[in-house]
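The values are calculated or read from the model by the stated rules, or taken from the named source; none is laboratory data. Just so we're clear, the structure is a prediction, and the values are computed from it rather than from any experiment. A quick note on method: Cβ atoms are made from the backbone with ideal geometry, for glycine too, and the neighbour counts reach across all protein chains shown.
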Amino acid sequence: MALRNFEKVSTTDPSVREMQYRLEETLRPVTGSSIIDGRLSDDISLASGTTTKIAHKMGRSIIGCIVVGKNAAQHIYDQNSGKSDLGTYLHLTASGTVTVNVWVF
């Protein structure tokens with residue numbers, strides 16, 4: 001899901017053009033942020049010491065991920081380095097058995 005940039009409409013009305021300019025300037029930090037352009041993957045079960053491949057459904061290679069919830073005090077490790085399938089999968093390993101929610105961007 002890619003965020004769309006604000007698209008101005010053609011107009012000769014100076015007040016509408018000014019409003020569109022200000023709206024575009026306001027939205028640019030949001031639409032240009034890679035971390036906002038993401039997807040939540042939830043209820044992912046990770047086994048201790050095993051790398052798990054998670055289909056992220058981003059339609060593009062991922063930039064990173066953030067663990068936004070977990071049901072146990074375990075460390076989660078990103079195992080994506082050197083992987084050729086980042087357009088489809090996220091690779092995670094945990095220090096112990098845990099279920100996580102991950103924001104993938």
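Each residue in the stretch 28-56 was checked for being outside any strand (DSSP E or B) and of a type outside the set (V, I, T), and 10 of them qualify.
Can you work out which of the residues in the stretch 1-34 that are within 24 Å of I66 (Cβ to Cβ) and of a type in the set (V, I, T) is surrounded by the fewest Cβ atoms within 10 Å (Cβ to Cβ)? In this case the residue turns out to be V30. Name, by its number, the condition in (1) without any contact (Cβ under 8 Å) to a residue 24 or more places away in the chain; (2) of a type in the set (K, R); (3) part of a loop (DSSP other than H, G, I, E, B) that does not hold for R60. The failed condition is (1).
Somewhere in the stretch 29-36, is a residue of a type in the set (S, T, N, Q) and at pLDDT 95 or above? No, the stretch 29-36 contains no residue that is of a type in the set (S, T, N, Q) and at pLDDT 95 or above. In this structure, is I36 in contact with a helix residue (DSSP H, G or I) (Cβ under 9 Å, 6 or more places away or on another chain), aliphatic (A, V, I, L, M) and under 30 Å from F6 (Cα atoms)? So I36 fits the description; yes.
Annotation note: Cβ proximity below 8 Å between a residue of the stretch 69-84 that is small (G, A, S) and a residue that is in a loop (DSSP other than H, G, I, E, B) and surrounded by 12 or more Cβ atoms within 10 Å (Cβ to Cβ) (sequence gap 6+ or interchain) occurs for A72/G96; A72/T97. Is there a residue being assigned to a helix (DSSP H, G or I), over 16 Å from the mean Cα position of the chain (by Cα) and aromatic (F, W, Y) anywhere in the stretch 67-78? So far as the stretch 67-78 goes, no, none of its residues is assigned to a helix (DSSP H, G or I), over 16 Å from the mean Cα position of the chain (by Cα) and aromatic (F, W, Y). Taking first residues from the stretch 7-34 that are more than 30 Å from M58 (Cα to Cα) and partners that are among the β-branched types (V, I, T), the Cβ contacts under 7 Å between residues at least 6 apart in sequence or on separate chains come to R17/T11.
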